[in-house]
Amino acid sequence: MADFQNCDSCISSPLELFERVTAQGEKVRSLKAEKASTDEIDAAVKLLLSLKVKYKAATGQDYKAGSPPVDFSPMSNNGPTTALDEDFVDPWTVQTSNAKGVDYDKLIVRFGSSKIDKELINRIERVTGKTPHHFLRRGIFFSHRDMNHILDAYENKKPFYLYTGRGPSSDAMHVGHLIPFIFTKWLQEVFNVPLVVQLTDDEKYLWKDLTIEKASEYAVENAKDIIACGFDINKTFIFSDLDYLGMSPGFYKNIAKVQKHVTFNQVKGIFGFTDSDCIGKISFPAIQAAPSFSSSFPQIFKDKKDIQCLIPCAIDQDPYFRMTRDVAPRIGYLKPALLHSIFFPALQGAQTKMSASDPNSSIFLTDTPKQIKTKINKHAFSGGKDTIEEHRKYGGNCEVDVSYMYLTFFLEDDDKLEKMKQAYTSGALLTGELKKVLIETLQPLIAAHQQRRKQITDEMVKQFMTPRKLAFDF
């Protein structure tokens, strides 16, 4: 990952990109020949795929070994772009060279979604009679597909349900993983609807160096963290793909329908798969698509095939659901609606998202108060100046300051947040003082989560994960 970031600044032409892809391809082959570690090979392959995507973005052509680019037209509606201009976002990698983070307005244009504007937020408030969540007010959930259809259905007393998920790649989740669940819980409460939560333990087995047993174990541990967010057991079904697929013909039938209507070329184009990827990866997108259709859950929805689905998720998951929305009408289903969140930045800065595999980039839900304090003081990227004198004179930059960014997620008081922004920007508030506010915000929040999680028994997890009728009649 660092290698990729460092190379961004030196890739200035399609030919240089071509040469870089070629060199990286040779590196992958030599690592495989030398029987290098799985992690090392996976990292090299991920970089190769990222470079191929950048090459296609810069030239409009797929990379072909031995065929350097001659004439090329960038795949953009906004005139020529270089690889440097583009943020790189897919379901596995988020990368940008901008300290402010990903340009989400550009991403909306690129993905073809719609901005969550003041008009939509006001409509949500009118329809629900509730103050919009601060994630909506502050643009943390910033983009949508067909949210107005959901509100139309709700106003006409038509049911819908929520679907979100988690890829259990480790036993400890980090604070960034809480974002979709905090928001989903709010949506469930204000709209009073069923929720299904998919744990993609099969995906993590296919992508990571994990045994099936370990992936299943992580799914159960992650389920405890999700339950600890406060979901209602009578309105929520959590399922692991490895378990549920074997007991639900409706789920598998929908997977097969999606698989039949998406070609190998399409998934290669959407997800960047190559001929050397295992067939499990190539067919997996259909498994993430299937919960978008109510007939995947006959125990909840009986034989109803027309219950609309709303999916709150981070924007990097959108490729799965663009594919799903394309397939849905062809197999007789409604398109799922989506609400997209921005990424939760790594402690080191907004150029990449927080990762569970890098302990120093993340604040985990298992961290002690002391660990939280140390990580923020030591690693949180600062938008302040080098000396107190300079900071007092010129002020800090909230747009790149990670502590301020985290407070936009977790400090609910709008007035307090605005006062801190003004004080930091003017230089009245120092970086250390801003970090102290964040530490004092996160420590009790995580301690409270840990207390709730301690109360979650294996029996409770089993109840949440048992296919059953929920507290709704369809």
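Counting only protein heavy atoms and a probe of 1.4 Å, the accessible surface of the stretch 14-59 is 57% carbon and sulfur.
For the stretch 96-347, the square roots a ≥ b ≥ c of the C-alpha gyration tensor eigenvalues yield an a/c under 1.5, which makes the shape rounded. Solvent-accessible area assigned to carbon and sulfur over the stretch 104-234 amounts to 46 percent, based on a 1.4 Å probe.
On the basis of the beta-carbon distance and an R0 of 45 Å, Lys35 and Lys115 show a calculated FRET efficiency of 0.40.
With the helix formula -39500 (n - 2.57) applied to DSSP H stretches of n ≥ 4, the chain reaches a computed 222 nm mean residue ellipticity of -15500 deg cm²/dmol.
With a Förster radius of 25 Å, plug the Cβ-Cβ distance of Ala423 and Lys106 into 1/(1 + (r/R0)^6) and report the FRET value to the nearest 0.05. The value I calculate is 0.20.
Model label sites at Thr387 and Lys260, defined 7 Å from Cα along the beta-carbon direction, differ in position by 7.3 nm.
Could you list which residues have their amide H under 5 Å from that of Leu470, counting only those 5 or more apart in sequence or on another chain, with H placed in the peptide plane? Answer set, sorted by chain and number: none. Accessible surface ranking for Met354, Met465, Met460, 1.4 angstrom probe, highest first: Met460, Met465, Met354. For the stretch 408-474, the equivalent ellipsoid built from the Cα gyration tensor has semi-axes of 41, 17, 7 Å, listed from largest to smallest.
As a length-normalised measure over Cα pairs under 8 Å and 6 or more apart, the relative contact order of the stretch 96-347 settles at 23 percent. Note on Lys436: lysines with a C-alpha under 23 Å away, same-chain residues under 8 apart excluded, are Lys100, Lys353, Lys370, Lys373, Lys375, Lys378, Lys385, Lys393, Lys416, Lys419, Lys421.
Only lysines eight or more places from Lys260 in sequence, or on another chain, were considered; those with a Cα closer than 21 Å are Lys268, Lys281, Lys305, Lys335. With the contact rule set at Cα under 8 Å and sequence spacing of 6 or more, what percent relative contact order holds for the chain? Reported as a whole number, the value is 16 percent. Within the stretch 148-188, the trypsin sites (Lys or Arg not before Pro) that combine a DSSP coil assignment with at most 16 other C-beta atoms in a 10 angstrom radius are Lys157. In summary, the aspartates and glutamates within cross-link reach of Lys435, defined as a Cα separation below 20 angstrom excluding same-chain residues under 8 places away, comprise Asp367, Asp386, Glu389, Glu390, Glu399, Asp401, Glu412, Asp413, Asp414, Asp415, Glu418.
Of all DSSP-defined beta bridges confined to the chain, some 40% are antiparallel rather than parallel. When you restrict to C-alpha pairs under 8 Å that are six or more residues apart and normalise by the size of the stretch 123-215, the relative contact order lands at 30 percent. Compute the distance from the alpha-carbon center of the stretch 43-65 to that of the stretch 431-474, in whole Å. Cα centres, the stretch 43-65 to the stretch 431-474: 40 Å.
Based on Cα atoms of the stretch 155-195, Rg over Rh with Rh as the Kirkwood radius reads 1.09. In this structure the chain gives 46 Å² per residue of accessible area when probed at 1.4 Å with all protein chains present. When a 1.4 Å probe is rolled over the protein heavy atoms, the share of accessible surface on the stretch 369-455 that falls to carbon and sulfur comes to 52 percent. Measuring between their Cα centroids, the stretch 152-196 and the stretch 248-298 lie 22 Å from each other. Close amide H pairs (under 5 Å, H built 1.01 Å from N) link Ser240 with Leu199, residues at least 5 positions away or on another chain.
The values are calculated or read from the model by the stated rules, or taken from the named source; none is laboratory data. Note that the coordinates shown come from a computational prediction; the quantities given were computed from them, not determined experimentally. So basically every Cβ, Gly included, is an ideal-geometry build from the backbone, and we count neighbours across all protein chains shown. Heads up: the accessible areas ignore ligands, DNA and RNA and are worked out on the full protein's heavy atoms, side chains in. Shrake-Rupley method; radii C 1.70, N 1.55, O 1.52, S 1.80 Å.
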